[in-house]
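Only one structure is covered here, and it is reproduced in the block below.
The values are calculated or read from the model by the stated rules, or taken from the named source; none is laboratory data. Treat the numbers as computed from the prediction; the structure is a model and nothing was measured. So basically every Cβ, Gly included, is an ideal-geometry build from the backbone, and we count neighbours across all protein chains shown. To get the accessible areas, we keep the full protein, side chains included, count just its heavy atoms, and leave off ligands, DNA and RNA. Shrake-Rupley method; radii C 1.70, N 1.55, O 1.52, S 1.80 Å.
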Amino acid sequence: MTTDPREQSGFSFGEAIAKPVRFVMDLIDPPLRFLQRTTGIGGMATFFLLPNMLIFGIFVLLPFFINFAYSMTGGTALFLPDRTFVGTDQYARLFDCSNYLDANSCAEDTFWTAVGNTAWFVLLQVTLMIVVSLVTALILNRDLRARSFWRAVFFFPVLLSPVVVGLIWKWILQRQGLLNFGLYSLGFEPHVWLNDRSWSFAAAVGVSIWAHMGFYTLILLAGLQAIPRDLYEAAEMDGTKPTRVFLRITLPLLAPNLLVVIVLVLIRAVQIFDEVYVLTGGGPGTSTLFLTQYIYETGFAAQLRNPGLAAAASILMGAVLVVLTLLQLSLSRSGEKKGGRK
Amino acid sequence: MIKTSTMLAAFAVGLLASTAAMAGDVRIMWYSDGVEGEVLKDLLDRFMKENPGINVILDNVAYGVVREQLPVQLEAGDGPDIARVTNLKAMSQHWLDLRPLVADASYWDKNFGGQADWMRPDGTNQISGFMTQITLTGGFANKTLFDQAGVALPPKDATWDDWAKAAKQVADSQQVSFAMALDRSGHRLTGPNLSYGSNYIGADGKPAPLDEGAKNFITKFVGWVTDGTMSKDVWVSAAGSTYRAAADDFINGQLVYYYSGSWQVPNFSTKIGTNFDWVATGSPCGPANCTGMPGGAGLVAVKYTKNPKEVAKVMDYLAREDIVKEFSERTLFLPAHKGLLEKGLDFKTDDQQAKAALNNFVTSTSSLSDIAQKLPGWYWSDTYYGALVTRVSQAAAGELNLEEAFARIDADIATKVKDSGR
């Protein structure tokens, strides 16, 4: 004897959902069967991948080729058909330097300043980001009180728009900002952080770490939680030192996650723009002018914009990113092979 | 089946109705610095009551949209029917010639002819639109700080050196962050450059290399930034040609002397109120003259419009003397309308400081040099301004010495001229 009123009335929620789904499946089944018979299993895979490949082709590959075409053109006209073909002139202009270590000796000095600044930024930011994210993940992986709260605290800045991040830190660091107010209240001399070349660069690095570390911490935390607990218990029973546990268990087993983080941080660092643009505008002088801002200024913001030069610079930036990513992937593969041999 | 047919028919009628409405639509792309968007909306509502067949849609956008997105739309042969624009000459090939469409072209020539060349292709007599406001660069002094320091305000014909000396004295005495500030803009730097005898326009109409006049003022200016007389926050704080103003520092009483322009008057009137006394000083003098730089925003018709007759009607209405008078008096903008300027205006404000400042700027229009009047209609102005800002700020930040900065300015401009193929 049934007591569920829904069953008594003959209503089933699961059945209500299943019916239309079954109807749709019945509808598409005959053509799909026909397709499989005609093209085989391989053809079906292509069929299912096609929509994604189309989207990728239209929104990623096509713009890439258009961008490359732009980089081979000159003039100030905006649309490709109106532009003059100049071959590799834009690349030659970017590389026209008597000394690559001295931006002032280059025809496009601001490009090389931006390259130098970006290289420094990547080196500092990627290193610090990985160290800080890893340390945070290790701490959050412990049995802390209110652990969920602390995880949320570290993740919160990731949810903020980069413009908001830039503005918040500008209000803190500017001449009459919160930091100087605090220093003044404590009897210290205020400092104009954003007018100081070293401090503004440090601020750019620090702010970008603050804004994004939560995301990378989360990836590393997921990796840490996937490491079997019994490995740690065995190490503890053997009386292994914590440093050795970290180096011999945690780090090797976290390597796949760490690699993902390194690639993502690296790409993000080379592309740095939004929050730093709001925070420092690339100043003081050109001390925080990074490659993406150079491309933006050249292609969009300057009077008499030069889309060809901006496109050439972005192709070079993309090439560097591809090389770095491939290098890391090959390093990780060789690491895996070595691990396998052992 | 009948239901579906009915729905399709209704959809078709709706589509036709909306197309018919679009035939009378006039879309305006507008940006606001203050209350002018609200004033314009009010004026347009009245226009639509008088002309029920024309539907004017006012798109209020950020200035950045006009500066960065409008050129792209225009290059694609698209965009609004009318737009409020500042870089009028550089995009003049996209403006509609209103001459055959307006009710009385002679009225336009007589009253707006002075600035018509700023917005039309070289060598034509096209009527592209009119200036919604004429601006003039000039200085503002915090009179209360001068009074408290016991330093007299420099006289009307005071030089840049006189103002720097007096402002420094006041800043030191009153413990103010900076004595002077000048907006991070090539247009703003050009006023003093011209007062030092500079001329950007070469004999062939193309940009001339930076001359002694400009070099002399820039040398002085960089020295002031380096020794802290001029605000570092404005010029050193960004790269490229990014615009930075020091209006907030002046409003907060942290600046003794601020070189900006007439468009700041409504802003100061609203935000400073009775906090302190301020005065407009006109442009300080250099060895050659005491000129400021004219400029402003123009309302232009776009030639890709589908409704040119309706556009001309809207433009005729907005250019009417009584409408320009009301717009200017309510927004506290200096009008471009010649007849109106001769008759005078009664700015709608109780703020006597603002009224005095506006009158000061009206008077200062008489001290504009010939070259200052030519520059807004010169195709290469913005190219020159961009190079000036980028390189002078690098010199002020200590990245380039002055000779390197001067060489870079010339090289940047030469490259742009070459790139443009003109």
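For the stretch B:214-230, residues that are closer than 29 Å to A:R305 by Cβ and among the small types (G, A, S) total 1.
Scanning the stretch B:392-418 for residues that are among the charged types (D, E, K, R) and under 26 Å from the mean Cα position of the chain (by Cα) yields a total of 3. For the stretch A:72-120, taking the residues that are more than 14 Å from chain B (Cβ to nearest Cβ) and among the small types (G, A, S), the one that is farthest from A:T298 (Cα to Cα) is identified as A:S98. Of note, B:D109 does not satisfy the criterion of being free of Cβ contacts under 8 Å to residues at least 40 places away in the same chain, more than 30 Å from B:P155 (Cβ to Cβ), among the acidic types (D, E) and part of a strand (DSSP E or B).
Does A:L324 qualify as being within 21 Å of the chain's Cα centre (by Cα), crowded, with 19+ Cβ neighbours inside 10 Å and at negative phi? Judged against the criteria, A:L324 is not a match. Would you confirm whether or not the stretch A:287-300 contains a residue that is more than 14 Å from chain B (Cβ to nearest Cβ) and either at negative phi or open to solvent by 30 Å² or more (accessible area, probe 1.4 Å) (or both)? Checked against the condition, which is being more than 14 Å from chain B (Cβ to nearest Cβ) and either at negative phi or open to solvent by 30 Å² or more (accessible area, probe 1.4 Å) (or both), the stretch A:287-300 yields no hits at all.
When residues in the stretch A:122-134 are screened for being of a type in the set (V, I, T), out of contact with any Phe, Trp or Tyr (no Cβ under 8 Å at 6 or more places or on another chain) and open to solvent by less than 70 Å² (accessible area, probe 1.4 Å), 3 of them pass. Condition check: in a helix (DSSP H, G or I) and open to solvent by less than 10 Å² (accessible area, probe 1.4 Å). Does B:A405 satisfy that? It is true that B:A405 is in a helix (DSSP H, G or I) and open to solvent by less than 10 Å² (accessible area, probe 1.4 Å). The sole residue among A:A119, A:A137, A:A92, A:A146 that is over 22 Å from A:G283 (Cα atoms), open to solvent by 50 Å² or more (accessible area, probe 1.4 Å) and assigned by TED's automatic domain parsing to the domain that holds A:L254 is A:A146.
Out of all the residues in the stretch A:214-222, is one or more surrounded by fewer than 21 Cβ atoms within 10 Å (Cβ to Cβ) and within 14 Å of chain B (Cβ to nearest Cβ)? No: zero hits. Of the residues making up the stretch B:233-274, those that are outside any helix (DSSP H, G or I), in contact with a helix residue (DSSP H, G or I) (Cβ under 8 Å, 6 or more places away or on another chain), of a type outside the set (G, A, S) and more than 14 Å from every other protein chain (Cβ to nearest Cβ) are B:V256, B:Y257, B:Y258, B:Y259.
Please tell me if B:K89 is of a type in the set (D, E, K, R), within 30 Å of B:R67 (Cα to Cα) and surrounded by 18 or more Cβ atoms within 10 Å (Cβ to Cβ). It is true that B:K89 is of a type in the set (D, E, K, R), within 30 Å of B:R67 (Cα to Cα) and surrounded by 18 or more Cβ atoms within 10 Å (Cβ to Cβ). Inside the stretch A:98-116, residues that are in contact with a helix residue (DSSP H, G or I) (Cβ under 6 Å, 6 or more places away or on another chain), open to solvent by 40 Å² or more (accessible area, probe 1.4 Å) and among the hydroxyl-bearing types (S, T, Y) make up a count of 1.
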